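Q: Submitted below is the structure of interest, expressed as structure tokens.
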Amino acid sequence: RSRPSSSVCHSSRSRAHSRTMKASSVLALGLPVLTYGRLEFAGHRGGMSGHESFVPEHSKAAYALGASYGATFIEPDVISTKDGILMVMHGNELGRTSDISERPEFADRETTKTIDDGDGSGSSTITGWFSEDFTWEEISTLRLRSTLYDGKGPLDNIYGFLKFEEMMAYVSELSDMVGTTTFGVYPETKLSNYFASVGLPLEDKFMQAIANAGYCGYGAGSSFCRASLAAEGLGPIVLQSFCPESLVLLKNMTDLPTVSLINGGDDGIAKLSKDGETVDADLVALIATYADILALPTSFDEDFFADAVTAAQTTGMVVHAWVADDDAGLYSRLTDLGVEATFTNNMAYGKGALDMMELMEGQQAKGRSSV
């Protein structure tokens with residue numbers, strides 16, 4: 001998921017929605033109940049690895065920093081290795097975020113592939129080194145890098161890739177270390193159609209890892225993982241994908257809440273609109289058959305975004321957004337539009353923006369009461 005432009009911030013028509021969320025729908029999903037005007041945050045790829053960041057994405061550093069700045073959820077992208085080990089990284093090409101291009105023992109593995117993006121936008125042709133061509137033992141020797149600094153960033157070459165199970169265990173450790181917050185996990189089945197096409201389907205192992213971590217449990221003789229059988233002391237978890245097929249599979253495996261991610265391009269609009277301009281209630285209702293939460297891109301026009309929020313809430317779905325970074329006004333606008341959580345690549349900025357917004361609202365309220 002790449003960072004979209006924030007068109008929600010710029011509209012010719014102001015569209016204010018109630019800031020009072022439907023607490024009953026969120027309680028039913030087992031998600032945190034929001035206070036008035038307060039967005040919850042999902043730390044995107046950790047939450048501290050956005051534009052111009054020196055923190056390698058999906059590293060322990062990104063997770064720890066995102067959590068320390070107030071993330072409710074930590075968001076990992078889940079992919080597969082050649083030997084079927086689930087690991088976390090945004091996309092299956094390893095050269096963008098590691099030192100693999102400098103490893104002579106892997107030089108002959110560089111290749112070009114056409115990959116189904118899994119979000120309805122078609123395929124991408126990419127040259128590099130791909131997770132499905134390497135065993136976990138090989139990948140575990142690589143070191144993570146930020147996407148800047150040419151491998152010379154202050155945290156480059158320190159951290160390694162994490163297995164999905166290791167990532168969830170580390171989030172639990174962070175909760176124990178902080179003591180006052182139990183962090184949630186917001187995992188995505190990344191490129192699920194593609195991995196299925198090369199004989200490495202994600203969903204079964206994805207759910208088994210989640211069950212092993214204690215987020216749901218199997219009754220006697222059952223293959224359905226129920227949230228009511230989860231271990232105590234864990235934070236919330238929501239399961240996301242751009243791919244409807246993946247979400248349908250997950251719905252047949254668990255009653256944990258699922259999130260339908262909507263792409264920011266024309267193909268994303270087509271999932272919500274028949275004419276490309278007007279949100280269609282029937283299309284949104286179809287998404288509600290396999291998703292509890294609709295995650296909309298901030299690149300949508302504000303009016304279209306607002307209408308999609310209304311249509312989703314009418315079906316009972318909760319609405320989240322992706323991605324908010326360094327536009328302070330966006331956080332306030334998302335709350336006004338009825339959004340209850342957002343992904344962010346910069347937890348420090350996002351939390352600061354909301355703190356400032358609440359401070360200003362408090363001062364305005366105090367001023368009105370003194371008149």
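The values are calculated or read from the model by the stated rules, or taken from the named source; none is laboratory data. If you're wondering where the values come from, they're calculated on a predicted model, not measured in any experiment. All Cβ positions, even for glycine, are placed from backbone atoms using ideal geometry, and neighbour counts span all protein chains on display. With ligands, DNA and RNA removed, areas are computed over all heavy atoms of the protein, side chains included. Shrake-Rupley method; radii C 1.70, N 1.55, O 1.52, S 1.80 Å.
Q: Would you be able to say whether some residue in segment 208-217 is under 23 Å from SER80 (Cβ atoms), open to solvent by 50 Å² or more (accessible area, probe 1.4 Å), modelled with pLDDT of 95 or more and more than 18 Å from the chain's Cα centre (by Cα)?
A: yes
Q: Restricting attention to segment 281-301, and to residues there that are more than 18 Å from ALA341 (Cβ to Cβ) and either touching a residue at least 12 places away in the same chain (Cβ under 8 Å) or polar (S, T, N, Q) (or both), which single residue is least open to solvent (accessible area, probe 1.4 Å)?
A: As a first pass, look at segment 281-301 and keep what is more than 18 Å from ALA341 (Cβ to Cβ): 281-286, 289-290, 301.
This time we only want the ones that are either touching a residue at least 12 places away in the same chain (Cβ under 8 Å) or polar (S, T, N, Q) (or both), so: 281, 283-285, 289-290, 301.
Details: ALA281: 68, LEU283: 41, VAL284: 0, ALA285: 42, THR289: 99, TYR290: 29, ASP301: 78 Å².
Looking at the filtered set, the residue picked out is VAL284.
Q: Before we move on, is PHE224 surrounded by fewer than 20 Cβ atoms within 10 Å (Cβ to Cβ) and within 15 Å of LEU256 (Cβ to Cβ)? First the steps, then the outcome.
A: Numbers: surrounded by fewer than 20 Cβ atoms within 10 Å (Cβ to Cβ): yes; within 15 Å of LEU256 (Cβ to Cβ): yes.
Here the answer is yes, as PHE224 does meet what is asked.
Q: Select from segment 237-252 the residues that are closer than 14 Å to ASP204 by Cα and either surrounded by fewer than 21 Cβ atoms within 10 Å (Cβ to Cβ) or hydrophobic (A, V, I, L, M, F, W, C) (or both) and list them in ascending order.
A: Scanning segment 237-252 gives LEU239, GLU245, LEU247, VAL248, LEU249, LEU250, LYS251, ASN252.
Q: Looking at segment 130-156 only, could you name the residues that are modelled with pLDDT of 95 or more and among the polar types (S, T, N, Q)?
A: Scanning segment 130-156 gives SER131, THR135, SER140, THR141.
Q: Kindly indicate whether ASP83 is modelled with pLDDT under 95 and under 25 Å from TYR186 (Cα atoms).
A: In short, no.
Q: Here is a list of conditions, (1) under 28 Å from PHE54 (Cβ atoms); (2) surrounded by 17 or more Cβ atoms within 10 Å (Cβ to Cβ), and ASP119 meets all of them except one; can you say which number that is?
A: That leaves (1) as the condition not met.
Q: Within segment 159-211, work out how many residues are aromatic (Phe, Trp, Tyr) and under 24 Å from ARG226 (Cα atoms). I'd like the intermediate steps shown before the answer.
A: Filtering segment 159-211 for residues aromatic (Phe, Trp, Tyr) gives 159, 161, 164, 170, 183, 186, 194-195, 206.
If we keep only those that are under 24 Å from ARG226 (Cα atoms) too, we end up with 164, 170, 183, 186, 206.
Going through segment 159-211 one residue at a time, the tally reaches 5.
Q: Go through segment 233-286 and count every residue that is among the small types (Gly, Ala, Ser) and in a strand (DSSP E or B).
A: Residues flagged as among the small types (Gly, Ala, Ser) and in a strand (DSSP E or B) within segment 233-286 amount to 2.
Q: Hey, another quick one. Give segment 321-333 a look and list any residue that's closer than 22 Å to THR278 by Cβ and touching a strand residue (DSSP E or B) at 6+ places or on another chain (Cβ under 8 Å), or say none.
A: Correct list: ALA321 only.
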